[in-house]
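A.B. asks: Before I ask anything, let me first share the structure, which is written out below as structure tokens.
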Amino acid sequence: MAQNSIPATATATDALLAAYLAARYRFEVAGRWWPLAVGQPAPPVLAQVAPARRWSLLTAYNPHSVAQPAAVNTAADVALQAALEASGVAILRAAASAPDGSWEEPGWLAGGLEDGEADALARRHGQAGILHWHGGGPVRLRMYRACTPGREQQRPCVDWIELAPR
């Protein structure tokens, strides 16, 4: 997700977290778009699509929260789709957008990725966060930045994933 380049500072992380929490997320099944919301259960239609115990909404657009040209984003999306198809998981078209429609990023809802697999794909595609949840539990936001100290408990449906050393 990128509105502009967002550096990895505490203030920028807070702004990016706010943008992810405010974003509108959706996925497509048989021509109908279904909403997803952080902290809420996913629509039951997913149980009819695939018996997945885990779901992940991933995008490859705008790595490192830096807006990219359309051709770069399209190529990254094709690579992510190919990786998901190669893994054998169920995939559905998905998207994330600003509430006011000022930006939108196509992506994929994948059913069946283990936590570590979803994390690896997100990192490989330079994403600061993804949606990821287990079964009928609430949709969770996984952030791949250091949490601002003291804020870990403020958002119960946000998981702060430890960053790998560079």
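A.B. asks: Counting pairs of alpha carbon atoms under 8 Å apart in space and at least six apart in sequence, what relative contact order in percent does the chain give?
C.D. replies: Across the chain, relative contact order equals 29 percent.
A.B. asks: Where in the chain are the DSSP H helices whose alpha-carbon span along the long axis reaches 24 Å or more and whose Kyte-Doolittle mean is at least -1.0?
C.D. replies: Membrane-span-like by this criterion, though nothing is claimed about a membrane: 70-87.
A.B. asks: Can you give me the solvent accessible area of T11 with a 1.4 Å probe, rounded to the nearest 10 Å²?
C.D. replies: 110
A.B. asks: Suppose all protein chains stay in the model; what accessible area per residue would a 1.4 Å probe give for segment 56-162, in Å²?
C.D. replies: Here the per-residue accessible area is 44 Å².
A.B. asks: Rounded, prolate or oblate: which fits segment 67-117, taking a ≥ b ≥ c as square roots of the Cα gyration tensor eigenvalues, rounded meaning a/c under 1.5, else prolate when a/b beats b/c?
C.D. replies: Note, shape of segment 67-117 comes out oblate.
A.B. asks: Restricting to segment 8-166, what percent of DSSP beta bridges are antiparallel, rounded to 5?
C.D. replies: 90
A.B. asks: Counting Lys and Arg as +1 and Asp and Glu as -1, what is the net charge of the other residues whose Cβ lies under 13 Å from the Cβ of R140?
C.D. replies: Around R140, the charge tally is 0.
A.B. asks: Please report the carbon-and-sulfur percent of the accessible area for the chain; probe 1.4 Å, protein heavy atoms only, DNA, RNA and ligands left out.
C.D. replies: 55
A.B. asks: Something else: In the P(r) worked out for segment 32-151, what percent of Cα pairs fall beyond 22 Å?
C.D. replies: Across segment 32-151, Cα pairs with separations above 22 Å total 32 percent.
A.B. asks: Once you charge only the Cβ atoms, +1 for Lys and Arg and -1 for Asp and Glu, what is the size of the charge dipole of segment 38-162 about its Cα centre, to the nearest 20 debye?
C.D. replies: 180
The values are calculated or read from the model by the stated rules, or taken from the named source; none is laboratory data. As the structure is a prediction and not an experimental result, all values here were calculated from the model. With ideal geometry, Cβ positions are generated from the backbone for all residues, glycine too; neighbour counts draw on all protein chains shown. Protein only, heavy atoms only, side chains kept; ligands, DNA and RNA dropped before computing areas. Shrake-Rupley method; radii C 1.70, N 1.55, O 1.52, S 1.80 Å.
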